[in-house]
Amino acid sequence: MLGFMDYVQNAFYEASQWDRDNSYGTLTATSRNLLDFQTPNGLRFHVSSLSSPNFATSYTLGSIGLVDGSLSYLYSSLPLSTLASNSSAIDLHRLVPGYRRLQDLRQPDEPWWWEIWHQGKRIDRREALLYGRLFLPRSTLEALYLRRLTPKTQLKVSCVSDSRLPNGGTILAHLQHDAAKHNTEYIYSTDSALLGVRGLYNFGPDPPPAHPPSESSHDPTISTANKAAAVAIASALAQPHGRFSAGGEIYYGLLNKSGGVSTGLRFTTLPSHTGFPYTMTLTLNPLMGNLSSTYSVQASPLLALSSRFDFNVYSYESEMQVGTELWRRVSKPEPHDLDWARRKMGLPILDKSIESSNDSDDMAGCLKARLDQRGSLGLLWEGRVKELLYSCGVTLDLKGGENMVSGFGLEMQYST
């Protein structure tokens, strides 16, 4: 389950209209969510608060052999006043990473749309996010600086300060450029003076041009309803049912004189697809000889399945892994017990299908499970009890004999 600070950061991306899925780094996000989820280890409790639309805090206390914790602070120049912060009101789908349904591409805003003028002077500013976390008692410090430079460009700088690391810490910088049709990312790390470039290209038709928020048509011969219907029909006909993407990355360490390269392909269905949503990926690391293929499908609104097959062309070693997530709705009293009375009174009978679709967001929790060919089984249940969010998981080694349990833990979150 995502922490409260990760939840707020994702809300900042959405509010600033930044597409996190249009990146080579998230090419295999769906399969990672379903197969690489982490099970809690030990006992951990989080208390968080969105004290104002621009400021959030979080405190963590854990016990894994010894008592430890952390203090976190976050500031956003973009007010997040509409963000649900109470743990009883947060949609669990925003906290539990699972199958990711990609949306249609959107053209970035024009730069001049962001300009705000007052008395002949520009007074607009670029939105930014600041985040810091201090781990105790180790005194390790994490920091993040995120800034939207232009509608197409974003700068992300993260750093870690720890006396146990070489040179006392490291800094990682990302300069991202998103033009909808393609995405480019430049990376620099002080660790080994690493330089890298990532890129992703989306095949298919170009996304429709964006329009200023204040732009409107005033044609008196066409009604507003007819315009909306015509735009909706034209958009539905123009949008493809799937998206094919290809990308790659290359990086090189100036100090250790070593580098790496990888490439990948992805096909995923879009909202206009009428069948089951599914995602297929194929990634290759030619230097290491690793080939990985994944297939994920959302069989129903409550069920998603995923599989991954890894193969090394040099050693001929292979690995197979399968995983699933199953959501459970909140049980409510069945309202159809009085259908007989409605028939006697001549009243319409309630439609169960409509009622079921209206309750699709009211979830009690999600069960995740994964299994690989070596007999490692991971189980994770993430849910909510009144105003308390919790994650309970266990990792089992089915071939371990008497020592089958290799990890068990419970995490609880409370936010206001």
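Numbers for the structure displayed
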| item | result |
| --- | --- |
| Residue count, the range 138-171 (criterion: under 21 Å from the mean Cα position of the chain (by Cα) and among the small types (Gly, Ala, Ser)) | 2 |
| Positions within the range 45-59 being surrounded by fewer than 17 Cβ atoms within 10 Å (Cβ to Cβ) and closer than 19 Å to residue 78 by Cα, in sequence order | 49, 51, 52, 53, 54, 55, 57 |
| In the range 386-406, the residues that are in contact (Cβ under 8 Å) with a residue 60 or more places away in the chain and either over 25 Å from the mean Cα position of the chain (by Cα) or not in a strand (DSSP E or B) (or both) | 386, 387 |
| Residues (assigned to a loop (DSSP other than H, G, I, E, B), over 25 Å from residue 34 (Cα atoms) and without any contact (Cβ under 8 Å) to a residue 40 or more places away in the chain) located in the range 249-296 | 257, 286, 287 |
| Scope the range 64-109; condition more than 30 Å from residue 328 (Cβ to Cβ), touching a residue at least 24 places away in the same chain (Cβ under 8 Å), open to solvent by 30 Å² or more (accessible area, probe 1.4 Å) and not in a loop (DSSP other than H, G, I, E, B); matching residues | 68, 71, 73, 75 |
| Test: residue 109 is over 27 Å from residue 141 (Cβ atoms) and not small (Gly, Ala, Ser) | yes |
| Those residues of the range 110-122 which are out of contact with any strand residue (DSSP E or B) (no Cβ under 9 Å at 6 or more places or on another chain), among the charged types (D, E, K, R) and in a loop (DSSP other than H, G, I, E, B), in sequence order | 110 |
| Qualifying positions in the range 28-52 - more than 16 Å from residue 370 (Cα to Cα) and touching a strand residue (DSSP E or B) at 6+ places or on another chain (Cβ under 8 Å) | 28, 41, 42, 43, 44, 45, 46, 47, 48, 49, 50, 51 |
| Of all residues in the range 374-389 being out of contact with any Ser or Thr (no Cβ under 8 Å at 6 or more places or on another chain) and open to solvent by 50 Å² or more (accessible area, probe 1.4 Å), the one that is nearest to residue 50 (Cα to Cα) | 385 |
| Scan of the range 14-33 for residues that are among the hydrophobic types (A, V, I, L, M, F, W, C) and out of contact with any Leu (no Cβ under 8 Å at 6 or more places or on another chain), ordered by number | 18, 29 |
| The one condition in (1) more than 22 Å from residue 183 (Cβ to Cβ); (2) buried (at least 18 other Cβ atoms within 10 Å of the Cβ); (3) without any contact (Cβ under 8 Å) to a residue 40 or more places away in the chain that residue 317 fails to fulfil | (2) |
| When residues of the range 30-44 are limited to those that are in a loop (DSSP other than H, G, I, E, B) and polar (S, T, N, Q), the one most open to solvent (accessible area, probe 1.4 Å) | 38 |
| Residue satisfying condition, being among the hydroxyl-bearing types (Ser, Thr, Tyr) and surrounded by fewer than 14 Cβ atoms within 10 Å (Cβ to Cβ), within set 416, 395 | 416 |
| Residue count for the range 123-156, restricted to those that are open to solvent by 40 Å² or more (accessible area, probe 1.4 Å) and assigned to a strand (DSSP E or B) | 12 |
| Failed criterion for residue 116 (all others in (1) under 30 Å from residue 384 (Cβ atoms); (2) open to solvent by 70 Å² or more (accessible area, probe 1.4 Å); (3) among the aliphatic types (A, V, I, L, M) hold) | (1) |
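The values are calculated or read from the model by the stated rules, or taken from the named source; none is laboratory data. These figures come from a predicted structure and were not determined experimentally. In this analysis, Cβ positions are derived from the backbone assuming ideal geometry, glycine residues included, and neighbour counts consider all displayed protein chains. Only protein heavy atoms, including side chains, enter the accessible area calculation; ligands, DNA and RNA are left aside. Shrake-Rupley method; radii C 1.70, N 1.55, O 1.52, S 1.80 Å.
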